[in-house]
There are 2 protein chains.
Amino acid sequence: MVAKLSDVAELAGVSVTTVSRVINSYGSLSQKTIDKVHAAMRELRYQPNAMARSLQGKSSQFIGLIFPNIENPFFTALVAEIEELLFAKGYKVIIATSSNDIEKEQQYLQMLAANQVEGIITSSHNPNIDSYKDSFLPIVSYDRYLSDTIPIVSEDNYRGGHLLGEYLVSTGAKNILMLRDDDNSNSPTAKRYQGFTEATSNKSHLTTFDFDSNLVSNGGDMQAIVDIVVDNKIDGIFAFNDMMAIQLQNALRKANLRVPEDVNVVGYDGSPIVQLLHPDLPTIIQPIHEAAQRLIDTLFNEINNEPALSNNVLPVKLHIPE
Amino acid sequence: MVAKLSDVAELAGVSVTTVSRVINSYGSLSQKTIDKVHAAMRELRYQPNAMARSLQGKSSQFIGLIFPNIENPFFTALVAEIEELLFAKGYKVIIATSSNDIEKEQQYLQMLAANQVEGIITSSHNPNIDSYKDSFLPIVSYDRYLSDTIPIVSEDNYRGGHLLGEYLVSTGAKNILMLRDDDNSNSPTAKRYQGFTEATSNKSHLTTFDFDSNLVSNGGDMQAIVDIVVDNKIDGIFAFNDMMAIQLQNALRKANLRVPEDVNVVGYDGSPIVQLLHPDLPTIIQPIHEAAQRLIDTLFNEINNEPALSNNVLPVKLHIPE
């Protein structure tokens, strides 16, 4: 039970107006009255309530973030960067992880709306959530299609895939395996596979394998892929993200294949933690700071009814180990 | 500008009472009136306001989390677990990263209090923040001493350090290096070093090196440690966390030392991501789910004025690679 202004007044034996004057430091008040009110506030754990501002039509200063998880280091870094930039604007972040759970995501959207966040930044991986279309709130999406009216900020997925394909071909790979996660095909991420395919298909033999990404994040059964690599003499692999790439490198080395000499593995994402711990992994670095900034700028343009930004596709960079 | 009930009423051309009836679905209302009010709500992006409940003395359903960062995989996993468990209780999480920035942490505490979170779970690494002592809010701390009245949930740091020391001695290490981060010495984490020292000091030569953890999280200069290892013929190292241990393994291998044959490196934390990507790292696994649950139970005991839990030191586990 949160204490009300009237509870403080009752306990202090003064009027509600007097409590309000103490809180807002105006009017003529004796030190004795001030002390009594402070003591009552302390006892009742009463805090002057910023939520009241929202009822008066003032800003709540909350932004809601919906991400599938925060444990993938790329999401971790993006969430951390968004939080940092929003704090500098005086905003607080309510974090909601949807874990590919549609019902949880619907509930979060309703809770966030009811608490009057000023807007939502989402990287939902759940397709067909009607609440996004019906929402009154300003929403911006990271790298995922949600509805025709919700703006998307993404990185240049086509170019990222293309750069990795060119790189593997340049190392002499002839039998390439492309691992695809089971993502919503309406989303910009699908262009990674398109770019990679176009860069490799005339220059090497390309095998595609669709992977259940939930399996991977739980440790996955890598043996299936190792078998494909051995059976098809695969010498280059495009893993759909860095986490998958590193797990696959471990599994290949355990099967006595040399990485990168026998089979080269490339990832995708380039989060700071993976760059720190695995600088030898060839990958695409997505600009996290720029993405966070663009998501925030796009959201606040919506909030303030300003025109949308014209180009929300950010450039990526190929990282090759020294 | 957030729309008010009266704005909706004005736009719909009805009374505030009518809007309230539409929102709460009571009284006799024509479909035409309902449609007009809904259209006005949509146009003004008006949402029935859960914050109003707080003014009426009802629960805000918010819990604030203050962590130094969410990018260390151990913190990431703990925050994710806390969020998951609180969601199941109908609570939302406001995340605040203090980045070892005392001023930012003070500001966050004030913002969280003003928005009437029901309580705070903190793993602040900033010593001497008076706002913690002065706060009216229920607070629980993870593994850090903040004040005599704020309960601490921690893992068995002494035992963790002791297990790692015993393990390194059992592998035959004679010249051991212990890397200590520059942490607040009042905190339970200091017991790791005590346990490690007691397990090793009579059985091997122990060198201690105090490291600037900010340096490490930014990539750090590992060369200084590699030099110590070579100069002192170090054959066993206790790195203060897994992130540090993996970076150090990379640096040692680059200097043509074999890990673990020439020098064994052990970490601390055992986050799921490091376990997934580096199952070969000997480390202490801290039980994340149990810690999250105990933090929440302890906080809600405070919120509900129930007696404190008696034992808030959770058991840890030694992980040795197969």
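Some observations on this one:
- 18 Å cut-off, amide nitrogen to a point 7 angstrom out along A:D210 Cα→Cβ, residues in segment A:151-177: A:177
- Net charge of Cβ neighbours under 12 Å - reference B:G267; Lys, Arg +1; Asp, Glu -1: -2
- Per-residue average of Cβ from other chains inside 10 Å of B:156-169: 0
- At R0 = 30 Å, FRET efficiency that the Cβ-Cβ distance of B:E306 and A:D297 yields, to 0.05: 0.05
- Over 27 Å (Cα to Cα) - which of A:K4/B:K32; B:K174/B:K317; A:K32/A:K89; A:K4/A:K104 fall in this group: A:K4/B:K32; A:K32/A:K89; A:K4/A:K104
- Peptides A:197-208, A:282-293 ranked from most to least packed, by the mean per-residue count of other Cβ atoms within 10 Å: A:282-293, A:197-208.
- A dipole drawn for segment A:178-322 from +1 and -1 charges on Cβ atoms has a positive end, and of A:A245, A:I288, A:V263 the residue lying farthest that way is A:V263.
- Nm distances between copies for B:P315, ranked from closest, using label points 7 Å along Cα→Cβ: 5.6
- Within 10 Å of the Cβ of each residue in B:270-279, the mean number of Cβ atoms contributed by other protein chains is 5.
- Largest to smallest principal axis extent of the C-alpha atoms in segment A:157-285, angstrom: 36, 32, 27
- Computed lengthening from B:D231 to B:N202, 0.36 nm per intervening residue step minus Cα-Cα distance: 8.3 nm
- Label-point spacing at B:A255 relative to the other copies reads 3.6 nm, in ascending order, each point sitting 7 Å out from Cα along Cα→Cβ.
- Sequence-distant residues sharing a close amide H with B:T208 (under 5 Å, placed H): B:M178
- Debye, to nearest 20: dipole size of segment A:208-308, +1 on Lys, Arg Cβ, -1 on Asp, Glu Cβ: 320 debye
- At 7 Å out from Cα toward Cβ: A:D148 inter-copy label distances (nm, ascending): 6.8
- Relative packing of peptides A:72-80, B:34-42 - highest average C-beta neighbours within 10 Å first: A:72-80, B:34-42
- Count Lys and Arg as plus one, Asp and Glu as minus one, and take only other residues whose Cβ is under 14 Å from that of B:N301; the net charge is then -2.
- Segment A:157-285: relative contact order as a whole-number percent, Cα under 8 Å and 6+ apart: 26 percent
Readers should treat all values here as calculations from the given coordinates under stated rules, not as data from a laboratory. Worth saying up front: this structure is predicted, and the values here are computed from it rather than measured. We place every Cβ from the backbone using ideal geometry, glycine too, and count neighbours over all the protein chains shown.
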